[in-house]
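The values are calculated or read from the model by the stated rules, or taken from the named source; none is laboratory data. Not measured: the values here are computed from a predicted model. Backbone-built Cβ (ideal geometry, glycine too); neighbour counts: all protein chains shown.
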Amino acid sequence: MTNRLVDLPPLDLLRTFVAVGRRMSITLGAQDLCIVQSAVSRQIQALESVLECRLFVRAYRSLEFTPEGRNLFRSIDPMFEQLGSVIASLRPAATRPCITITASIGITSLWLLPKLGAFQRRAPDIDVRVAATNRVINLERDGMDLALRYSPDASAPEGAIRMFSELLIPVAHPSLGIEAIEEPEQWRRQVLIDYDDTSRPWMQWQSWLRGTGYKPSAAHGGRLLFNQYDQVVQAALAGQGVALGRLALVAPLLADGQLVVATRRPPAATDHGYWLIQRSGADNPALAEVRNWILAEAAATSALL
């Protein structure tokens, strides 16, 4: 019988691979693991050497899975989620309440995390653990207390509380000097930063341009594609082109002038919204305080929209 344990790569290499795969970024994966970027690069190279295949395709300012890397990530990412839950259940119960929240990577980095500091100052006796993943986690199975979900209004999960709507608007960095792109000739000169997720075509430039009456082919300035939405926003902040801003997520960046609206057209509404879900049967004073804080922040965002 083959000794499968001996054949496995070191766990640290696999953990680093999952961290990079979740963020599709060496830099952000290193931040999540609290190690330097060069160490992450070496560990990915070591894993590719052990497996004798490439896991990522590295391009200028982007990272993509190879077919082998995608298959490996789909298999081991949920395994690490399950392992983390089991390890947490074995540790002695904390004396301080800890509330766990799961949300997509984009919502976590652009909406939730910027607000957490204020909550921690307000409720220093409550620990908050955030699991940022684009997988839909089962709250009961994985022991999560709350979930921030993005879904069509017509198929929102039972018991979900609506937080705010989804509106889309072109945005860009002020350094580009874009005030109002209205004519097709203006669009042709722009680099469009696109969300590379075919399962959500309404969040892509082709759909937005068609909805405004422009032919999608009218934009010839080039395209940058990213498979994580927070990377789309980071590219816009770096002045690399015009992005479709999810207004609820980029509103603070517009308010403080880090981004500007790049058109006079009103935001485009979608049939999607953001929802708050609480694990069935979970309720305690700490959870209620976190839930009420999230809903208060959601109400403030909704008022802006």
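Of GLY245, GLY281, which residue is over 14 Å from LEU112 (Cβ atoms) and not assigned by TED's automatic domain parsing to the domain that holds THR212?
Numbers: GLY245 fails: not assigned by TED's automatic domain parsing to the domain that holds THR212.
Just one listed residue meets the conditions, GLY281.
Going by what's in this entry, would ALA298 be described as in contact with a Leu (Cβ under 8 Å, 6 or more places away or on another chain), in a helix (DSSP H, G or I), of a type in the set (Gly, Ala, Ser) and within 17 Å of ILE169 (Cα to Cα)? Against the criterion (in contact with a Leu (Cβ under 8 Å, 6 or more places away or on another chain), in a helix (DSSP H, G or I), of a type in the set (Gly, Ala, Ser) and within 17 Å of ILE169 (Cα to Cα)), ALA298 does not qualify.
Out of curiosity, is GLY221 in contact with a helix residue (DSSP H, G or I) (Cβ under 6 Å, 6 or more places away or on another chain), surrounded by fewer than 17 Cβ atoms within 10 Å (Cβ to Cβ) and under 28 Å from PHE65 (Cα atoms)? Outline the logic, then answer.
Values: in contact with a helix residue (DSSP H, G or I) (Cβ under 6 Å, 6 or more places away or on another chain): no; surrounded by fewer than 17 Cβ atoms within 10 Å (Cβ to Cβ): yes; under 28 Å from PHE65 (Cα atoms): yes.
Spelling it out, it is not the case that GLY221 is in contact with a helix residue (DSSP H, G or I) (Cβ under 6 Å, 6 or more places away or on another chain), surrounded by fewer than 17 Cβ atoms within 10 Å (Cβ to Cβ) and under 28 Å from PHE65 (Cα atoms).
Can you find a residue in region 273-285 that is touching an Asp or Glu at 6+ places or on another chain (Cβ under 6 Å), touching a residue at least 24 places away in the same chain (Cβ under 8 Å), part of a strand (DSSP E or B) and within 25 Å of TRP202 (Cβ to Cβ)? Checking region 273-285: at least one residue is touching an Asp or Glu at 6+ places or on another chain (Cβ under 6 Å), touching a residue at least 24 places away in the same chain (Cβ under 8 Å), part of a strand (DSSP E or B) and within 25 Å of TRP202 (Cβ to Cβ). Flag not set for ALA59, criterion: under 21 Å from GLN234 (Cα atoms), touching a helix residue (DSSP H, G or I) at 6+ places or on another chain (Cβ under 8 Å) and either touching a residue at least 40 places away in the same chain (Cβ under 8 Å) or not assigned by TED's automatic domain parsing to the domain that holds ILE193 (or both).
Can you work out which of the residues in region 253-278 that are under 19 Å from PRO114 (Cβ atoms) and at pLDDT below 90 is surrounded by the fewest Cβ atoms within 10 Å (Cβ to Cβ)? Among them, the one singled out is ASP256. Residue count for region 1-37, restricted to those that are among the polar types (S, T, N, Q) and more than 24 Å from ASN227 (Cβ to Cβ): 2. If the condition is being β-branched (Val, Ile, Thr) and surrounded by fewer than 18 Cβ atoms within 10 Å (Cβ to Cβ), then region 192-214 contributes THR198, THR212. Every test in (1) assigned to a loop (DSSP other than H, G, I, E, B); (2) acidic (Asp, Glu); (3) touching a residue at least 60 places away in the same chain (Cβ under 8 Å) is passed by GLU140 save one, and that test is (1).
Out of all the residues in region 222-242, is one or more more than 20 Å from SER25 (Cβ to Cβ), modelled with pLDDT under 90 and either aromatic (Phe, Trp, Tyr) or outside the structural domain of ARG23 (by TED's automatic domain parsing) (or both)?
Initially, region 222-242 is screened for residues more than 20 Å from SER25 (Cβ to Cβ), giving 222, 242.
The next check asks that each one be modelled with pLDDT under 90; those that pass are 222.
Within this subset, residues satisfying the condition of being either aromatic (Phe, Trp, Tyr) or outside the structural domain of ARG23 (by TED's automatic domain parsing) (or both) are 222.
The answer is yes, given that some residue of region 222-242 is more than 20 Å from SER25 (Cβ to Cβ), modelled with pLDDT under 90 and either aromatic (Phe, Trp, Tyr) or outside the structural domain of ARG23 (by TED's automatic domain parsing) (or both).
Please verify whether region 230-239 includes one or more residues that are touching a residue at least 60 places away in the same chain (Cβ under 8 Å), surrounded by 17 or more Cβ atoms within 10 Å (Cβ to Cβ) and more than 16 Å from the chain's Cα centre (by Cα). Scanning region 230-239 turns up no residue that is touching a residue at least 60 places away in the same chain (Cβ under 8 Å), surrounded by 17 or more Cβ atoms within 10 Å (Cβ to Cβ) and more than 16 Å from the chain's Cα centre (by Cα).
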